[in-house]
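Here is the structure we will look at, set down as structure tokens.
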Amino acid sequence: MKEWDLSLGENDNIQDKEEAGCEKQYKQVVKRAMNILQRQDRTEKQLRDKLISDQRFSEEEVEYAIRYVTSYRYLDDLRFACNYVRFRCNTKSKQQLLFGLLGKGISKEEIKIALEEEYQGEESILIRNFLEKKGFDQNDNSPKVREKLIASLMRKGFSFDEILRDINRI
């Protein structure tokens with residue numbers, strides 16, 4: 001009977017050691033996530049990809065770390081999207097902002113909220129700035145140059161109607 005009690009105690013010690021090892025691993029992945037976020041604000045997708053690329057942590061541990069940092073609002077995709085729009089709205093069209101945020105793993109709903117709250121850029125001002133930068137003068141430029149500028153602006157996400165309206169104003 002004593003032998004059986006001892007073996008049960010040994011199994012408990014092994015199990016305790018395994019749990020302590022797992023707990024230590026969870027602490028390490030949370031610490032790594034917080035270090036990553038300390039240097040730069042990231043989206044949930046970016047953080048997940050970064051932690052998984054380390055190849056030291058399991059999927060379960062990464063999910064735990066993401067839940068942990070999200071619960072303390074260290075990780076917030078809506079905040080990231082609002083900051084992204086706020087700081088880039090004077091240089092990028094709505095379409096460019098939308099695709100940039102989609103590429104970073106932000107949901108369409110959060111992008112829509114961020115654009116409604118933060119986008120204050122006048123696209124006509126952005127178009128005029130682009131045309132001035134390229135040295136556009138309506139009287140001096142050939143139709144071919146005009147077409148190239150229109151195509152370039154359309155690739156940047158501006159609508160054809162807005163482009164024509166602003167080109168005709170200059």
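The values are calculated or read from the model by the stated rules, or taken from the named source; none is laboratory data. Here the structure is a predicted model, which means the values were calculated and not measured. Note that we place each Cβ from the backbone using ideal geometry, even for glycine, and neighbour counts take in every protein chain shown. Surface accessibility is based on the protein's heavy atoms, side chains included, excluding ligands, DNA and RNA. Shrake-Rupley method; radii C 1.70, N 1.55, O 1.52, S 1.80 Å.
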Would you pick out the residues in the range 1-58 that are open to solvent by less than 50 Å² (accessible area, probe 1.4 Å) and modelled with pLDDT under 90? Ser7, Gly9, Gly21, Gln25, Asp54
Subset of the range 99-129 [farther than 30 Å from Arg42 by Cβ and touching a helix residue (DSSP H, G or I) at 6+ places or on another chain (Cβ under 7 Å)]: Ser124, Ile127, Arg128
Residues in the range 149-161 that are within 30 Å of Arg79 (Cα to Cα), free of Cβ contacts under 8 Å to residues at least 60 places away in the same chain and of a type in the set (A, V, I, L, M, F, W, C) total 2
Within the range 149-170, residues in a loop (DSSP other than H, G, I, E, B) and under 26 Å from Tyr84 (Cα atoms) come out as Lys156, Gly157, Phe158, Ser159
